[in-house]
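*Asks:* Please see the structure below; I have some questions.
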Amino acid sequence: MATKGTYSLRTIYLLKKFINNKYSTDERDELFKLLEKNENNKEISLVTKTLWQAIENTSNPLENQKHEDILRKEARKILRNISTKSNPKNRSHYIIGSAIGLVAAAVLIVFILKIPVLKNDLESVETNLVNYQKLTSTDKIKKVTLADGSIIYLNTNTTLSIKDKEQSTNTREVLLEEGEAFFEIAKDENRPFIVHTASGITTRVLGTSFNIQAYAELKNQEISVKTGRVQVSRSDEDQMILKSNNSALFDYENDIMEFRKIDGNVIGGWREGMVVFQRSNPKEIAFRLKQHYGIELSYNKSEFKDVEFSAIFPSEASIETIAETLSKIYKLEYKLKDNTLYLN
């Protein structure tokens with residue numbers, strides 16, 4: 001019988017994949033190990049450990065399927081019984097990436113919180129591209145399904161334009177005028193999918209999943225790849241090929257194009273309401289805090305200027321949780337006053 005306990009976001013993510021039968025063998029084994037180590041749930045650990053060992057020691061696929069079906073039922077129980085309350089005194093986290101300090105810090109942390117299953121609060125739109133369409137999301141994430149089966153998620157304050165004349169027998173093209181979008185592109189080897197942005201950057205793919213952040217306020221643009229390959233270019237001479245877990249960052253102010261390593265599994269976490277920081281500098285941290293909480297950020301530029309902060313917070317995380325995290329990692333004092341977070 002499943003009992004209430006504390007689970008990492010990675011565990012919840014793997015549970016959902018396991019329940020939906022969309023997992024690899026490595027992901028299944030990782031999930032069972034995570035549950036087995038969970039000291040708050042001895043009964044769950046016993047069930048999962050027994051069945052997991054049975055799967056490891058059984059070569060019969062039919063028997064393994066039976067065991068996995070039972071485990072899938074247990075996984076559903078776990079998700080149903082995850083507590084919706086969080087005790088700040090018992091909150092903890094673990095480091096996935098490495099902390100390189102304030103000079104070039106890249107700390108990837110995932111919080112182990114007592115949280116409910118993440119909600120997917122989306123407004124859905126279907127388009128057959130019969131004419132010009134400008135799609136805008138303001139305070140709600142929007143899911144757009146194209147005629148070819150491709151799916152585009154628009155983050156808040158995002159504008160995407162589609163023209164039917166740009167959907168030919170040779171290409172599929174859209175313009176990301178402002179904001180952030182995650183693309184799941186249906187494969188069509190004869191018609192590449194091309195995303196243009198207002199800054200003149202072009203992203204070309206055949207079939208893949210990737211994220212483009214192009215908020216004008218940030219004065220940069222980042223193309224991050226979850227699966228597949230994409231070609232990014234500003235001109236014929238300035239091109240970059242990106243694979244899974246790669247990104248290209250374009251710094252408008254310094255006219256620099258930088259190749260970066262990222263975690264492709266979390267780049268689209270904002271679609272589920274999560275607050276995602278991925279190698280974020282202070283300007284982007286401030287932008288995300290304002291985007292999610294309506295909070296301004298004031299900080300000591302000499303102490304905080306070279307930070308690259310990477311973290312994932314559930315949609316239910318409070319601004320206090322994020323403030324405490326930044327404070328502890330970078331050894332800064334924080335204060336919340338008049339809709340402003342002060343870090344000194």
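*Asks:* For T227 and K335 in one chain, what is 0.36 nm times their gap in residues minus the Cα-Cα distance, to one decimal in nm?
*Replies:* Roughly 34.9 nm would be gained on extension.
*Asks:* Given 0.36 nm per residue, what is the gain on full extension from L175 to K22 after removing their alpha carbon distance, in nm?
*Replies:* 51.9 nm
*Asks:* Compute the relative contact order of segment 202-265 as a whole-number percentage, counting only Cα pairs closer than 8 Å that sit 6 or more residues apart in sequence. Numbers along the way, then the final one.
*Replies:* Details: 141 pairs, mean separation 18.4, N = 64.
The value is 29 percent.
*Asks:* Most exposed first by the Cβ proxy, i.e. fewest other Cβ within 10 Å, how do Y293, Y23 rank?
*Replies:* Ascending Cβ contact count within 10 Å gives the list Y293, Y23.
*Asks:* While we're on this one: Beta carbons within 10 angstrom, averaged per residue: use that to sort the peptides 300-308, 279-287, highest first.
*Replies:* 279-287, 300-308
*Asks:* Assuming R0 = 35 Å, what is the FRET efficiency of D306 and T136, from their Cβ-Cβ distance, to the nearest 0.05? If you can, show how the numbers build up before the last one.
*Replies:* On the way: r = 35 Å, r/R0 = 1.01.
It comes out at approximately 0.50.
*Asks:* Sequence-distant or interchain residues sharing an amide H contact under 5 Å with T227, placed H: which?
*Replies:* Close amide H contacts, sequence-distant or interchain: S209.
*Asks:* Can you work out the PRE-style zone for D251? Point 7 Å along Cα to Cβ, and I want the residues of segment 196-239 with backbone N under 14 Å.
*Replies:* Of the residues in segment 196-239, 219-222 have backbone N under 14 Å from the label point off D251.
*Asks:* Determine, for each peptide in 263-269, 184-190, the mean count of other beta carbons within 10 angstrom over its residues, then list the peptides with the highest first.
*Replies:* For the peptides 263-269, 184-190, the packing ranking is 263-269, 184-190.
*Asks:* Where does each of 144-152, 333-341 land if you order them by average Cβ count within 10 Å, highest first?
*Replies:* 144-152, 333-341
*Asks:* For the pairs K33/K328; K73/K142; K16/K226; K16/K73; K17/K328; K163/K290, flag any whose C-alpha to C-alpha distance is greater than 22 Å.
*Replies:* K33/K328; K73/K142; K17/K328; K163/K290
*Asks:* Per-residue HN-Hα couplings for segment 259-265, Karplus 6.51 cos²θ - 1.76 cosθ + 1.60 at θ = phi - 60°, whole Hz, x for Gly and Pro?
*Replies:* 7, 9, 8, 9, 9, x, 6
Read the figures in this text as sums done on the coordinates, not as results from a lab. Quick caveat, the model's predicted, so the values are computed rather than measured. Counting neighbours? That spans all protein chains shown, and the Cβs are built from the backbone with ideal geometry, glycine included.
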